[in-house]
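Let me begin by presenting the structure, written as structure tokens, before commenting on it.
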Amino acid sequence: MTPTIPVFVSSDYDSIPSGEWYQAILNGLRRSESIICLLSPVSIDRRWINFEAGFGFGAESEVIPLVWGRQDKGDIGMPLSPLQARALSDPLDVKAMMKALATRCRLSFNESLLDAFMEALPQIIAKVPSSELAVRIFRNKDGMVQLSMRNTGTRMLDMVEAELLMPQQLNRGSANSFQAWEPVTERRYFVAPDGVRYAGIALTVHHSTQLHLGINPLRPILTPAMGECPIPGIGLHLPKTLTADEEALPIYYSVLSRQSPVGPIPIPIPDIPLSD
């Protein structure tokens with residue numbers, strides 16, 4: 001007969017009795033021999049992940065970062081990167097993790113179910129609600145640099161803002177309008193470590209009387225059914241001719257939702273594709 005192993009899930013109401021949830025989580029962590037931190041591109045920067053991992057590490061529990069989805073082990077970063085991370089998509093990693101858990105719980109590991117689990121894993125992951133945001137930067141037929149966004153997850157995204165920045169030295173004689181006298185956030189106007197000054201346009205979900213926020217606010221909601229959505233009211237006009245040094249300069253872009261941020265990301269001007 002297989003012994004019953006108690007499992008505490010900090011985000012599962014079945015694991016947390018009614019009452020003081022914070023204390024219930026602390027008590028669950030104290031009783032845990034091993035703690036698995038399930039990391040995705042969205043969850044990896046959540047404060048609770050690092051708090052619970054640090055609590056377990058301080059209590060001398062075995063803390064195992066487990067990446068899944070589009071998260072790679074090499075991208076974990078501090079403070080979890082020094083720990084032995086595993087990838088849910090790698091059968092060898094899963095096998096090693098299960099062996100470690102079995103040793104910690106003083107049990108033998110039955111490998112016979114591993115193949116069946118790995119075969120069923122894609123279907124399991126497909127049923128997990130996800131918040132994924134994809135952003136595309138491109139030049140339209142008139143040469144203007146624009147952005148489009150697409151909800152590639154299964155949950156509705158609450159949008160926050162979109163931003164597009166260019167080196168200020170390229171804003172010569174163009175139709176760009178940057179009100180440098182009243183930036184909205186720090187990143188609207190910044191100086192890169194190499195001394196290059198950047199300026200740009202931003203849209204938020206809120207209407208604004210400030211021109212550099214654009215005429216139309218950002219779409220407040222993005223659902224998977226909407227498909228790819230070009231972002232109107234935001235774009236950069238680049239000079240028609242650029243020197244070799246100017247072509248090496250990047251454009252910075254970001255699109256943020258409350259669930260899934262993208263950027264800021266630099267992309268060299270020659271790498272910005274023309275739209276289809």
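Residues of region 40-69 with the amide nitrogen closer than 18 Å to a label point 7 Å from the Cα of Ser11, along Cα-to-Cβ, please.
Zone members listed by number: 40-56, 64-69.
Give the relative contact order (percent, whole number) for the chain; include only Cα pairs under 8 Å separated by 6+ residues.
Values: 445 pairs, mean separation 44.2, N = 276.
Relative contact order of the chain: 16 percent.
If I take the Cα coordinates of region 133-271 and project them onto the principal axes, what are the three extents in Å, biggest first?
Dimensions of region 133-271 along the principal axes of its Cα atoms: 43, 31, 30 Å.
About its Cα centre, what dipole magnitude does region 42-114 give when the only charges are +1 on Lys and Arg Cβ and -1 on Asp and Glu Cβ, stated in debye to the nearest 20? List each step's numbers first, then the result.
Working: 9 positive and 9 negative charges, 26 e Å.
Here the size comes out at about 120 debye.
Could you please rank Ser11, Ser89, placing first whichever residue has the fewest other Cβ atoms within 10 Å of its Cβ? If you can, show how the numbers build up before the last one.
On the way: Ser11 11, Ser89 15.
Ascending Cβ contact count within 10 Å gives the list Ser11, Ser89.
Relative contact order (percent) for region 133-271, with alpha-carbon contacts under 8 angstrom and 6 or more residues of separation?
Numbers: 288 pairs, mean separation 47.3, N = 139.
It comes to 34 percent, rounded to a whole number.
Starting at the first residue of region 237-243, write each ³J(HN,Hα) from the Karplus equation 6.51 cos²θ - 1.76 cosθ + 1.60 with θ = phi - 60°, in whole Hz, x for Gly and Pro.
So the J values, rounded to whole Hz, are 9, 8, x, 6, 10, 10, 6.
Would you calculate a helix-derived [θ] at 222 nm for the chain, using -39,500 (n - 2.57) for each DSSP H run of n ≥ 4 and dividing by the full residue count, to the nearest 500? Could you put the intermediate results ahead of the total?
On the way: 5 runs with 53 residues, N = 276.
So the calculated ellipticity at 222 nm is -5500 deg cm²/dmol.
Can you tell me the orientation of helix 21-30 relative to the chain, as the angle in degrees between its alpha-carbon axis and the longest Cα principal axis, to the nearest 10?
Value to nearest ten degrees: 60.
Using θ = phi - 60° and the Karplus curve 6.51 cos²θ - 1.76 cosθ + 1.60, what whole-Hz ³J(HN,Hα) does each residue of region 67-81 get, with Gly and Pro shown as x?
Per residue, the Karplus-derived 3J(HN,Hα) values read 8, 8, x, 9, 7, 9, 4, x, 9, 5, x, 5, x, 8, 4 Hz.
How about Lys99: which lysines have a C-alpha closer than 25 Å to its C-alpha, ignoring those fewer than 8 places off in the same chain?
Lys99 reaches Lys73.
Can you give me the long-range amide H partners of Ile36? Hydrogens built in the peptide plane at 1.01 Å from N, cutoff under 5 Å, separation of 5 or more residues or another chain.
Those qualifying (amide H under 5 Å, at least 5 residues apart or on another chain) are Ile64.
Across every pair of different alpha-carbon atoms, what Kirkwood hydrodynamic radius in Å does the chain reach? Mind showing how you got there, number by number?
Numbers: mean 1/r = 0.0453 Å⁻¹.
About 22.1 Å, per the Kirkwood formula over Cα pairs.
With +1 assigned to the C-beta of every Lys and Arg and -1 to the C-beta of every Asp and Glu, and no other charges, what is the dipole magnitude of the chain about the Cα centre in debye, to the nearest 20?
Values: 24 positive and 29 negative charges, 53 e Å.
The dipole of the chain has a size of about 260 debye.
Relative to the compact-globule scaling 2.2 N^0.38 Å, provide the ratio for the alpha-carbon radius of gyration of region 21-126.
It is 1.10.
Quick one: which residues, 5 or more positions from Leu238 or on another chain, have an amide H under 5 Å from its amide H? H modelled 1.01 Å from N in the peptide plane, none for Pro or chain starts.
Those lying under 5 Å, H to H, from Leu238 are Val145.
Normalising by the residue count of region 21-126, find the relative contact order in percent from Cα pairs under 8 Å and 6+ residues apart.
Numbers: 105 pairs, mean separation 23.1, N = 106.
Rounded, it is 22 percent for region 21-126.
Non-local amide H neighbours of Val67 (under 5 Å, H modeled in plane, Pro and chain starts lacking H): which ones?
Leu39, Arg86, Ala87, Leu88
So if the hydrodynamic radius of region 67-141 is defined as the Kirkwood radius over C-alpha pairs, what does Stokes-Einstein give as its diffusion coefficient at 37 °C and 0.692 mPa s, in µm² per second? The partial results should precede the final answer.
Details: Rh = 15.2 Å.
The diffusion coefficient I find is 216 µm²/s.
Just so you know, all these numbers are worked out from the coordinates, no wet-lab data involved. Computed from a prediction, not measured in an experiment: that's the story for all the values here. Using ideal geometry, Cβ is built from the backbone for each residue, glycine included, and neighbour counts are taken over all protein chains shown.
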